[in-house]
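Shown next, in structure tokens, is the structure this report addresses.
Readers should treat all values here as calculations from the given coordinates under stated rules, not as data from a laboratory. A quick note: this is a predicted structure, and the numbers were derived from the prediction, not measured. Every residue, glycine as well, gets a Cβ built from its backbone with ideal geometry; the counts of neighbours run over all protein chains shown.
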Amino acid sequence: MGRLVLRRMLGAVTLIAIASIFCFMLIATFPGNVALVIAEQRSATVSTAVVEQIEKEYGLRDPLLVRYGRWLGETASGNLGRSLRTNEDVASTLMQRAVPTATLIMCGGVFALFFGLTLSFLGALFPRTIIDRGTRAIALVGASMPKFFVAALLVYAFGVLLRALPTFGFDGPASWILPAVSIGIVPGALISRVTRVALEEAMARPYVTTAISKGLSRTRILIVDALPNVLPVAVNAFGIHFAYMVQAAIVIEPIFAWPGVASYFVDAARFRDYVVLQSSLLMFSIFFILVNLVVDLVVLTIDPKQRRPRRA
């Protein structure tokens, strides 16, 4: 167990190092002159002398390996630089904006897990009935709808027609509901489909037939006997879609005007603020890798089959 955990952690560190290279190269090799972009952000009048001065200031004429080492050292020390557009400290801004984004992802994850497990268990509890067909239809429709379309429908229904929930800004738990549902309904539907198939396979096992012959209820069999066998599958599915919620936040946050990291990234891309882009991309990559690491460790803990030594 200890060796497996250490191997997973070393793999995560290696992936973070590779992600840092890609984040740096993606911006460093961006088409166009970065110094010219910085000069345009600073002043409306741009001259060759100003561009050359910026190239020397940022070390843009240095070899890529030297620039990467300098950027990695500064990033590791917590110095992410200053925004080209607002001149704000990027590290402190990201820390402030991480709270709304973390709230969105956590609330969306809770909703996705509850929504997915509820649909899958209802379908497994009443197989081949109208309830089963209904939950499958809901999961199919939910998995097929784009996130921005779900968000627009929720805004129109609960914000315009019913006027029941706020649709703008990050202002208390009531303002978290619609964004959380918007970001969680598609992952929840996908989790439901995966978990439902796993439950069907588990309920077809011989030990379930034995439990039924003993007179045990289907609810008891699902919770006590089938759930432990399905849990690793559900955790894996949840972890994968939970990590991808960072990508979904780039769509959801601007719709609901949330002051999070994702909307900060969108603004940086719009104004070609490459300092913010690099830091945000690295932050997203680290989050994705760490979530997958945690999921792997949880699955190792709850699934004994994952801890068995592999035979040659």
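Using θ = phi - 60° in the Karplus curve 6.51 cos²θ - 1.76 cosθ + 1.60, the 3J(HN,Hα) couplings for the range 96-107 round to 5, 7, 5, 5, x, 5, 4, 4, 4, 5, 5, 5 Hz; x is entered for Gly and Pro. With the Cα gyration tensor of the range 210-312 giving a ≥ b ≥ c as the square roots of its eigenvalues, does the rule (a/c under 1.5 for rounded; else a/b larger than b/c for prolate; else oblate) give rounded, prolate or oblate? The shape class here is oblate. With axes computed from alpha carbons, what is the tilt in degrees of helix 227-243 against the longest principal axis of the chain, rounded to the nearest 10 within 0 to 90? Here the helix axis deviates by roughly 20 degrees.
Label separation (V99 vs R133): 5.0 nm, computed from points 7 Å beyond Cα along the C-beta direction.
The long axis of helix 64-76 is offset from the longest Cα principal axis of the chain by roughly 60 degrees. Estimated from helical segments only, the mean residue ellipticity of the chain at 222 nm is -23500 deg cm²/dmol, where each DSSP H run of four or more residues counts as -39500 (n - 2.57).
Other residues with beta-carbon under 14 Å from the beta-carbon of I212 carry, at +1 per Lys or Arg and -1 per Asp or Glu, a net charge of +3. Put a dot 7 Å past the Cα of N79, heading toward its Cβ, do the same for A269, and the two dots end up 3.0 nm apart. Computed 3J(HN,Hα) for the range 180-188, one whole-Hz value per residue from the Karplus formula 6.51 cos²θ - 1.76 cosθ + 1.60 where θ = phi - 60°, is 5, 5, 4, 7, x, 6, 5, x, x, glycine and proline marked x. The C-alpha atoms of the chain define a longest principal axis, and helix 2-28 lies at about 40 degrees to it. Rounded, prolate or oblate for the chain? Axes are the square roots of the Cα gyration tensor eigenvalues, ordered a ≥ b ≥ c, and the cut-off for rounded is a/c under 1.5. It is oblate, given that a/c is not under 1.5 and a/b is not larger than b/c. Cα centroids of the range 204-220 and the range 51-99: 61 Å apart.
All C-alpha pair distances within the range 78-133, sorted into 5 Å bins from zero, spread as 4, 17, 13, 11, 10, 9, 8, 7, 6, 6, 6, 4, 0 percent across the bins.
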